[in-house]
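S.K.: Pasting in a structure now, in structure tokens, and then I'll have a few things to ask.
The values are calculated or read from the model by the stated rules, or taken from the named source; none is laboratory data. Just so it is clear, the model here is predicted, and its values are computed rather than measured. Note that we place each Cβ from the backbone using ideal geometry, even for glycine, and neighbour counts take in every protein chain shown. Surface areas here come from the heavy atoms of the whole protein model, side chains and all, with no ligands, DNA or RNA. Shrake-Rupley method; radii C 1.70, N 1.55, O 1.52, S 1.80 Å.
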Amino acid sequence: MAAFLGRRFGMAAAAATFLALAAFGSASESSSKSAFVKSTVKAHDVVIFSKSYCPYCRRAKAVFKELQLKKDPYVVELDQREDGGEIQDALSDMVGRRTVPQVFVRGKHLGGSDDTVDAYESGELAKLLNISVKEDL
């Protein structure tokens, strides 16, 4: 196709067309990954975008285990998906951070590991989840 366009319209036009088509494909892929993130966050009370080997991700997941919720968080292990990098790019565009974990509670972006631990320790996480937390005596 580039050769045909190059002969017909010149190499600059062929290159511009090729780049436009590539960008459109990339934009379309990106929007489908954003749609995946949005629909996943909407479908579950707690969503953690994680990587299975990440110690910060394990820390965030441990907070929810500590809360003993009736329903486990929905965890998306980005390193175990072929499209994990694209999902991480979409998350970065949406929340302004490329790091993991990224935690969402009831559709609201809570943040990463430190944000999750801070919200747990301050009681804010229990409020977001509408649960009572037993205090250590």
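S.K.: Taking the Cβ of residue 58 as the center, what net charge do the other residues with Cβ under 11 Å away carry, scoring Lys and Arg +1 and Asp and Glu -1?
M.R.: +4
S.K.: Could you please put 48, 131 in sequence from largest to smallest accessible area, using a 1.4 Å probe?
M.R.: The residues order as 131, 48, largest area first.
S.K.: Holding the Cα-Cα limit at 22 Å, pick out from 33/65; 33/71; 61/108; 65/108 the pairs that are longer than that.
M.R.: Beyond 22 Å: 33/65; 33/71.
S.K.: Can you list the residues of region 63-82 with backbone N under 19 Å from a point 7 Å past the Cα of residue 118, pointing along Cα to Cβ?
M.R.: 63-64
S.K.: I've got another one for you. Which net charge results when you count Lys and Arg as +1 and Asp and Glu as -1 among the other residues whose beta-carbon is under 10 Å from that of residue 113?
M.R.: 0
S.K.: Any chance you could run the full-extension gain for residue 80 through residue 59? It's 0.36 nm times the residue separation minus the Cα-Cα distance, nm to one decimal.
M.R.: 5.7 nm
S.K.: I'd like the accessible area for residue 74: 1.4 Å probe, protein heavy atoms, all chains in place, Å² to the nearest 10.
M.R.: Residue 74 has an accessible surface of roughly 90 Å² with all protein chains in place.
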